Amino acid sequence: MSLNKKIATNTIIQIVGKIITTALGLISFGMIAHYLGTEKFGWYITAISFLQFVGILTDFGLIPVSAQMLGEGRFETNRLVRSLIGYRLYTSIFFLGLAPLIALLFPYSAPVKWAILISTINFLCIALNQVFTGFLQSRLQMHIQAVGEIVGRIALIICLIPIIHGNLGFFYTMLALSFSSLFYTGYMYLKISRDVHLSPIFDKEIWLSITKKMWPIAISIIFNVIYLRGDIILLSFYRPSSEVGIYGAAYRVLDIVSQTAMMLMGLLLPLLARAHTANARQEFANLYQKSFDYMMMISIPATIGTILLANPIMTLVAGNDFVSAGAPLKILAVAVFGVFLGAIFGHTAVAIDRQKSTMWIYVSDAILTLLGYLYFIPRYGWLGAAWMTVFSEIYAGLCLYLTIRRITKIKLHLTNLTKILIASLFMATIIYFTRSFHVILVAILGIAAYTGATIVLGIVSRETLAEIFATRDIKKTPTDDTAISGTS
């Protein structure tokens, strides 16, 4: 199978899977928001954000490191995967085990502290899933991850139904989250264990190699987490739980959209790493350009569409109690563009093993954003938190771009970016004039308009479309190296 078809097949599977999981995620999110109301949803957001704060600190960038090391082929696959699992398992148990104890030092209510304790199982599963995802990315077998995520989301919805119907309360809701994560992790474990043995091991050589590759990312992530989760943590100190719930509901939509960026760059990272390791500069440049074009094709219309439909989206998903969450969502939608930029160039830095060169970005971003949070959140609440989040994401994305450009000396072509902007403006026009319709119908019309415009403008080349949808692999020609037209 050719490179284009491998990328396209896995991307299509991931997109279809992401559409399904996003729909299921919005359903479960809506069920939880409707059931808990703004105050208890604020408890939920505070507990999850606290553990995400700890979870990101223990992340250490293991997904991109796993994908990079598996792509390099330096160690035998089974030995490497078992070592990665061991590394992830032991470090996660240690740090996540401390989380409930650390929470005792914070001025949280008793329900929030109990929720943090209950949710540690959920985040331990997420930690293990990072290794599994890195393995599947390296083999372009992300359909397994997509199905596993769907299984987990369905399990959550099934668990929530009796909880809501029987009015079992907040704690059972948190238990349902952990139970669904166990289903997700168990599915991926069973599937991957057919190909490799998954019992964790301590391999000194590999653990040292992991640590060597990981520590620059780990330091970056420690600072990165300050501006990623610091807003909700600080907001929970200064504002009532109901305001935290409103802001957190809007932020949850941002999280769902942002996952698409990490998904797509996760697929491309092993290919970028292989091209860089093989010193195939032209292949690397083509993949780098594709990464930029693909991400812009998603991020620009996602940003514009979310801004235009923020209020009806929040009403549809979370109910009338959360209609005011449309205001922070409009602002946070701008941060989506920065998230996608950061994903492109951050993953590229990992692929070329230049993580150290980007550390200053995360350190400076964390300092500037934290200062902004400390000044604006006590004065302006969610408004200050939202605009500082926009600043942090755009700042990181632009600085990463300039750093990667300096290192690689590769200049990105902007032909398709112009076409994408035109297609997005056409989509925005359709949304504006149909905004009185139901939000789902408006979204469908907007997506159809954007898709049609991309085809008419020739953003995707005919050769690529023929290759993707051919029943047999097309013999590779020089034009096949460009999955998006106009980038060679």
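The values are calculated or read from the model by the stated rules, or taken from the named source; none is laboratory data. Since we're looking at a predicted model, the values are computed, not measured. Cβ sites come from the backbone with ideal geometry, for glycine too, and all protein chains shown count toward neighbours.
Against the test of being at pLDDT 85 or above and in contact with a helix residue (DSSP H, G or I) (Cβ under 8 Å, 6 or more places away or on another chain), the options L402, L383, L414, L441 yield a single qualifying residue, L383. Scanning region 109-127 turns up at least one residue that is modelled with pLDDT under 80, closer than 26 Å to R153 by Cα and of a type outside the set (V, I, T).
The residues on offer are A335, A318, A327, and the sole one that is under 30 Å from L441 (Cα atoms), touching a Ser or Thr at 6+ places or on another chain (Cβ under 6 Å) and hydrophobic (A, V, I, L, M, F, W, C) is A335.
State yes or no: is I313 closer than 16 Å to A33 by Cβ and among the hydrophobic types (A, V, I, L, M, F, W, C)? Here the answer is yes, as I313 does meet what is asked.
Got a number for residues in region 180-194 being surrounded by 18 or more Cβ atoms within 10 Å (Cβ to Cβ) and not aliphatic (A, V, I, L, M)?
Within region 180-194, the subset surrounded by 18 or more Cβ atoms within 10 Å (Cβ to Cβ) is 180-181, 183-185, 187-188, 192.
This time we only want the ones that are not aliphatic (A, V, I, L, M), so: 180-181, 183-185, 187.
Here the count works out to 6.
If you go through region 76-90 and keep only what is part of a helix (DSSP H, G or I) and out of contact with any Phe, Trp or Tyr (no Cβ under 7 Å at 6 or more places or on another chain), you end up with T77, N78, R79, L80, R82, L84, I85, R88, L89, Y90. List every residue pair whose Cβ atoms sit under 7 Å apart, with the two residues 6 or more apart in sequence or on different chains, where the first one lies in region 361-374 and is closer than 13 Å to I233 by Cα and in the same structural domain as S392 (by TED's automatic domain parsing) and the second, anywhere, is surrounded by fewer than 21 Cβ atoms within 10 Å (Cβ to Cβ) and of a type outside the set (D, E, K, R). Pairs that qualify, where the first residue is closer than 13 Å to I233 by Cα and in the same structural domain as S392 (by TED's automatic domain parsing) and the partner is surrounded by fewer than 21 Cβ atoms within 10 Å (Cβ to Cβ) and of a type outside the set (D, E, K, R), are Y373/L234.
Screening S178, S242 for residues that are of a type in the set (S, T, Y), assigned by TED's automatic domain parsing to the domain that holds T91 and at pLDDT below 90 leaves exactly one candidate, S242.
Are any of the residues in region 195-205 in the same structural domain as N78 (by TED's automatic domain parsing), surrounded by 15 or more Cβ atoms within 10 Å (Cβ to Cβ), touching a residue at least 24 places away in the same chain (Cβ under 8 Å) and in a helix (DSSP H, G or I)? No; the residues of region 195-205 include none that is in the same structural domain as N78 (by TED's automatic domain parsing), surrounded by 15 or more Cβ atoms within 10 Å (Cβ to Cβ), touching a residue at least 24 places away in the same chain (Cβ under 8 Å) and in a helix (DSSP H, G or I). Residues in region 333-357 that are more than 9 Å from E393 (Cβ to Cβ), among the aliphatic types (A, V, I, L, M) and in contact (Cβ under 8 Å) with a residue 60 or more places away in the chain: A333, A343, I344, V350, A351, I352.
Per-residue answers, yes or no, for (1) assigned to a helix (DSSP H, G or I); (2) surrounded by fewer than 24 Cβ atoms within 10 Å (Cβ to Cβ); (3) without any contact (Cβ under 8 Å) to a residue 60 or more places away in the chain:
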{"residue": "L268", "(1), (2), (3)": "yes, no, no"}
{"residue": "H276", "(1), (2), (3)": "yes, yes, no"}
{"residue": "Y294", "(1), (2), (3)": "yes, yes, no"}
{"residue": "T306", "(1), (2), (3)": "yes, yes, yes"}
{"residue": "N311", "(1), (2), (3)": "yes, yes, yes"}
{"residue": "V323", "(1), (2), (3)": "yes, yes, yes"}
{"residue": "M359", "(1), (2), (3)": "yes, yes, no"}
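If only residues of region 23-75 that are outside any helix (DSSP H, G or I) and under 18 Å from L136 (Cβ atoms) are counted, the one that is modelled with the highest pLDDT is F75.
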